[in-house]
Structure formats: structure tokens, C-alpha cells
Amino acid sequence: MAALDQNYWQSRYSEGDTPWDIGHISPPMKAYIDKLEDRAIRILIPGAGKAFEAIYLHQQGFKEIYVLDWAMSAFDHLLAEVPDFPKDHLLCADFFELHGQFDLILEQTFFCSLEPSLRKAYVTKMASLLPGGGTLAGLLFASHFAKGGPPFGGTEAEYITLFKDGFEICCIKIAKNSILPRMNNELFFELIKK
């Protein structure tokens, strides 16, 4: 398998090989964002890709949205849709090298793009980017996949074990409003940093 590094992801975008791209914000993420009231919170979207979540947040009046991806070309769609999106909020970097503090981190297909051996490091890094009481929320796959990834799947029990020490688990449940191809295979979760 190819190394899942910056060159790998850049080539996927350059070749248009992005099967995870559903062409719009996913219904569970939209429903979660629609419940957010404080438009001033700092939000990070790691592995943002075409950043449909950031576009939607911007349209809803959120201003402190930061998107991170290894592939700069991933941001082309965001900038075409939202030309006034702050350029200094586009973070082309390695997630594990990122510094800063965010009130909310939205997870949409980033976790499943990482080698499973990096999952503990992911949890540690997420915790470092959130203050006490900060939120990590989004979607995780609810099963393993027959072929090697990415994407890499998992189970609810595995995720609970992974997150329980550093986070209060508010919810982790099958999303009822997933797109048809992902129906019954997406877990919506909301975690609060302890």
C-alpha cells in the first residue's frame, strides 16, 4: 500500500479519485450544525477536503472556521464557492503538527483516512487542540471493511475504548439520517474533553 502522506492525498485530488466526496454536506453534519447557537466559536475541520461543512457554516454566519488538509488543491472548491473565505483560515499542514485551540472540531472522513496505528495519536492530538469542555463531534464508520483502506472502519466498542479516558462520551449512535450508501454504517458521536 502507498504511504498515506501529502503526495498520496494530493494525487488523489489531482486525479479526481475522491469517492468519499458526496457533493454536499452530509445530513448528520448539517443537522448537528443547525443546532449550534454560538456563531463566535472557533471551529476546526481536519482533513476538510472540499470543505462542504465549512461552506455551510460560513453560509450560516460562523466566521471562526478553520479548515485543514494536506492537499492545497482540496481547498479549490471552498474558495470557488466562498471567495471571501479568509485565506489565513486555510491550513495546508500535517494534522499532527498543528497547534492552536478550538472550541469545536468536526470529524467527517478524516479519522477513517488515517492508518489505524495512528488512532491513539489522533485522540491525543484532538485533546491537545481542545480546551476542557471543548467538543469533538462527527461521524465514524460503524464496521470494518473487507478490503484494506483507506477508508479504515471500526466498531462502536473500539471507539468507546479509544476515547473514554480523555473524553466524556455524550453520544455515539447509528445516524438515522445518513445518505443511502452509508445508511446503518455511520455512527454519529459527540465527545466533550474532560
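All of the numbers you see were taken from the coordinates with simple rules; none came from a lab. The structure presented is a predicted model; accordingly, all values stated were derived computationally and were not measured. Cβ sites come from the backbone with ideal geometry, for glycine too, and all protein chains shown count toward neighbours.
Run the reach check for residue 194 against lysines, Cα to Cα strictly under 18 Å, same-chain hits fewer than 8 apart removed. What comes back? Hits, sequence-local ones excluded: 120, 125, 164. Summary of packing: across the peptides 56-66, 103-113, the per-residue average of other C-beta atoms within 10 Å ranks them, highest first, as 103-113, 56-66.
Quick one: net charge of residue 175's neighbours, Cβ under 10 Å, K/R +1, D/E -1?
Summing Lys and Arg as +1 and Asp and Glu as -1 gives +2.
What fraction, in whole percent, of alpha-carbon pairs in segment 110-194 exceed 16 Å separation? Cα-Cα pairs in segment 110-194 separated by more than 16 Å: 52 percent. The Cα-based radius of gyration of segment 108-151, divided by its Kirkwood radius, gives an Rg/Rh of 1.02.
Exposure proxy ranking for 39, 182, based on other Cβ atoms within 10 angstrom of each Cβ and starting from the fewest, stands as 39, 182. Each Cα pair under 8 Å and six or more residues apart adds its separation to the average, and for segment 38-140 the resulting relative contact order is 30 percent.
Tally Lys and Arg at +1 and Asp and Glu at -1 over the other residues with C-beta under 15 Å from the C-beta of residue 33: what net charge comes out? Net charge in that neighbourhood comes out at -3.
Remark: relative contact order (the chain) = 19 percent; criterion is Cα-Cα distance under 8 angstrom and separation of 6 or more residues. Applying Stokes-Einstein at 4 °C and 1.567 mPa s to the Kirkwood radius of segment 32-94, computed over alpha-carbon pairs, gives a translational diffusion coefficient of 112 µm² s⁻¹.
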